[in-house]
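Undergrad: Take this structure, written in structure tokens, and hold onto it; I'll ask about it next.
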Amino acid sequence: MRRRAWLTLGAVLIGGGGVVTYATASPSDGSGAPGQDRRPVEVYGLALKGTAAGERKLPRTETEQFSLVGVSWTGALKPLEGTAQVRARGLESGEWGAWQDLELDAAPPEEVEAGMRGASQPLWVGPSDGVEARVVHEDGSTGALPKGLEVNLVDPGVVTEAETRLDAPEPAAFVMDESPSPSPSPSPEPTAPPSTVPQPPVTSRADWGADESKSPDPSEYNPDVKAVFVHHTDGANDYDCAESASIVRGIYAYHTEVEGWNDIGYNFLVDKCGTVFEGRKGGIDRPVLGAHTYGFNRESAGIAVLGTHVSGAASTAALTSVARVTAWKLGQYGADPAGTVQLTAGATQRNYFSTQFTAGEQYTFRRVSGHRDGFNTQCPGDALYAQLPTVRTWAAGPVDGLRIASLTDATAKGSTYYTKGTPVVRWAATTPAALIKRYDVLVDGQAVAATSGAGYAKRITLTPGSHAVTVRATHQSGAVTTATPLTVVAETTAPVFTAAPTLGLRTGTVYTGSAPVTLSWKATDDQALRQVRLLTPQAATFSAAAYLSNRTARPGTAAGWSMRAYDYAGNYRDAAVTYTPVVLQESAAVRTGSWSARSSSSYLGGRSYSSASKGASLTWTFTGRSAAWVVSRASSSGQAYVYVDGVKAATVDLRSSATSYRQAIWTRTWSANARHTVKIVVVGTSGRPTVTTDGLVYIR
């Protein structure tokens, strides 16, 4: 069933004595779905007044609800040379916000019709019910301000699903102060050429709630799209993305009802979450004539990012969508988003950079340009303008910043990675995934795995040997980028212990519960040994170059010394031995000569033997593979001979400036367990003949 809609004109008395004119659009059959808060779009206008030259004001005024505000005046081509500021009262908080500047350098339409007004850019302030405004001539001078200055308030309303699915309404008249001129004849509707890249998702006019009765004129079309101009819409950046459709409806109402245009000016609008909205009607895949860049609308499309980007950069999501729309539109006409193009000026004017344009002449533009490149405006703001090179790169390709981020289940040694053969390749790129067609993982130049543009990791299988592994990214344009390859060696051979773990006694202090020992080993690998770990009886990790470590062992306890050698691929081999340190007290020795017993907690086991008799000896016999003689040392200590298996092995001087006890001063280690005899003989050193012994420690 076809439903008609119409615009209703009326007036509301507002606190402060002002009168506001407004227009609303409503379906003819009344209420929407039960339980839904349904409110039509409304536009209000409140005159600015003042007696001082060069100044117009509106005092704090209570109003009906609105969310978007701007200032307009009589004469679409007449500039407002000065400043315009507004502040709003929050609907929920009841608090007045700070003064905000309105952007006054909005581009006028190229074809001015009767009833069109000059206007600032609209400012999104969120739900409000009060407004205050002031307009001052440039530099505060007393120069004349445009006539008919108004504060314009837009309530974007609440649009239900039923409203967004109406059949196109028949055109309806909208009463304005000046009669509109006849509508221009529509240009022939062109076909929609296919693009070289996919179309991004676009929220249609019906879905964001466009009231088509506000734009009754038929669409006009350009021959093609040679360039894209990027804009910002002004207004707060802290909006919730759920409000984006309302913001678009507000801008649409502002352009049509305040400025008197026949439709919203932009071809597309993008919010900070990356949602793309259809702007001017006529078909998103057709070269619809917009009203966004004065003098250059006839050969371009306009994309506006919601919010202000003078100092705050646009979000990555927004830039991604701008790049996708740009690539798609220019791709319909075989244009490179990174390139340049000659555009014909439709008006004589200067741009933001003071470049002079003459109507009918051609000028070089980047295919992706900012509004300020074609018109004297700050739009799209310094921050967003500085991001346009990124938009061009993302839109044109190839994929930027591609690199292999890591290899899981592989370990690097220098610039070479080692793996058992099934590593996970992880990569990253600065170009957003939405602009990437696919990724391929290459091994020695051949593709072995693939993902979509949203992929970032893939497990691969490598045959034994050395390989070049890389990732290739294909941009939606078809341009290809390959990451710097990595050298990856696949191998499954475990390291070997060429010398098994061996424990030997070393010099140091001996305690009842610990003896100083040295653990030694030797490990190698056919590719690259990474490390050796001691697993028991204490955990420790050693470098590949290490081959010994000073440890301690508990006497009287058999302990397993387990080690594991790893290569860089993750292969490993274990080796283990069991050793028991044993303490032989001095009383266990066979004595010759004169020895006296001594007792002290400082001695090993609480007692020792001492002798000053030349030739006195102590002899221990044991079966083991390492031995250490344990003594006390002092400044008066003498020398002793050490005999091993009947052969003199060393002369040991026990003299020490500091007194110390339980010192393993002489050690010997053999390659295997065997029966040995160690004999200590007192030398009888002149002036200091005494030798005091704590016993012998051996390992079996």
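The values are calculated or read from the model by the stated rules, or taken from the named source; none is laboratory data. Because the structure is a prediction, the values reported are computed rather than measured. Cβ sites come from the backbone with ideal geometry, for glycine too, and all protein chains shown count toward neighbours. Each accessible area value is taken on the protein alone, full model and side chains, heavy atoms only, with ligands, DNA and RNA left out. Shrake-Rupley method; radii C 1.70, N 1.55, O 1.52, S 1.80 Å.
Undergrad: So, in segment 456-473, of the ones that are open to solvent by less than 50 Å² (accessible area, probe 1.4 Å) and not in a loop (DSSP other than H, G, I, E, B), which residue ends up farthest from Thr484 (Cα to Cα)?
TA: Gly465
Undergrad: Cβ-Cβ below 7 Å, separation at least six or inter-chain, first residue in segment 326-353 and acidic (Asp, Glu), second surrounded by fewer than 22 Cβ atoms within 10 Å (Cβ to Cβ) and part of a strand (DSSP E or B): which pairs?
TA: none
Undergrad: Determine which member of the set Val652, Val644, Val691 is of a type in the set (A, V, I, L, M), over 20 Å from Pro581 (Cα atoms) and free of Cβ contacts under 8 Å to residues at least 40 places away in the same chain.
TA: Of the residues listed, the single one that is of a type in the set (A, V, I, L, M), over 20 Å from Pro581 (Cα atoms) and free of Cβ contacts under 8 Å to residues at least 40 places away in the same chain is Val652.
Per-residue answers, yes or no, for (1) surrounded by fewer than 18 Cβ atoms within 10 Å (Cβ to Cβ); (2) part of a strand (DSSP E or B):
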residue	(1), (2)
Ala494	yes, no
Pro501	no, yes
Val517	no, yes
Lys522	yes, yes
Arg530	no, yes
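Undergrad: Go through (1) outside any loop (DSSP other than H, G, I, E, B); (2) among the β-branched types (Val, Ile, Thr); (3) over 37 Å from the mean Cα position of the chain (by Cα) for Val112 and report which single condition fails.
TA: So Val112 meets the others, but not (1).
Undergrad: Only one residue in Tyr572, Tyr547, Tyr579 is open to solvent by less than 40 Å² (accessible area, probe 1.4 Å), in contact with a Phe, Trp or Tyr (Cβ under 9 Å, 6 or more places away or on another chain), hydroxyl-bearing (Ser, Thr, Tyr) and at pLDDT 95 or above. Which one?
TA: Tyr579
Undergrad: On the given criteria, is Arg591 over 26 Å from Ser514 (Cα atoms) and in a strand (DSSP E or B)?
TA: Yes, satisfied.
Undergrad: Of all residues in segment 118-167, count the ones that are at pLDDT 95 or above and of a type in the set (Ser, Thr, Tyr).
TA: Final tally of qualifying residues: 1.
Undergrad: Something else about it: Which number in (1) out of contact with any strand residue (DSSP E or B) (no Cβ under 7 Å at 6 or more places or on another chain); (2) in contact (Cβ under 8 Å) with a residue 24 or more places away in the chain marks the one condition that Gly414 misses?
TA: Condition (2) is where Gly414 drops out.
Undergrad: So which of Gly250, Gly283, Gly265 ends up being closer than 18 Å to Leu102 by Cβ, in a loop (DSSP other than H, G, I, E, B) and more than 32 Å from the chain's Cα centre (by Cα)?
TA: It is Gly265.
Undergrad: Continuing with this model, one more query. Identify the residue in segment 260-276 that is within 22 Å of Asn152 (Cβ to Cβ) and open to solvent by 10 Å² or more (accessible area, probe 1.4 Å) and, among all such residues, is modelled with the highest pLDDT.
TA: The residue in question is Tyr266.
Matching residues to (1) in contact with a Pro (Cβ under 9 Å, 6 or more places away or on another chain); (2) farther than 24 Å from Arg117 by Cβ; (3) open to solvent by 30 Å² or more (accessible area, probe 1.4 Å); (4) not in a loop (DSSP other than H, G, I, E, B):
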{"residue": "His292", "(1), (2), (3), (4)": "no, no, no, no"}
{"residue": "Ala327", "(1), (2), (3), (4)": "yes, yes, no, yes"}
{"residue": "Gln342", "(1), (2), (3), (4)": "no, yes, yes, yes"}
{"residue": "Asn376", "(1), (2), (3), (4)": "no, no, yes, no"}
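Undergrad: When you scan segment 594-700 for strands (runs of 3 or more DSSP E) that lie fully inside it, which ones turn up with 2 or more residues that are β-branched (Val, Ile, Thr) and over 60 Å from the mean Cα position of the chain (by Cα)?
TA: 617-633, 639-644, 647-653, 660-682, 691-699
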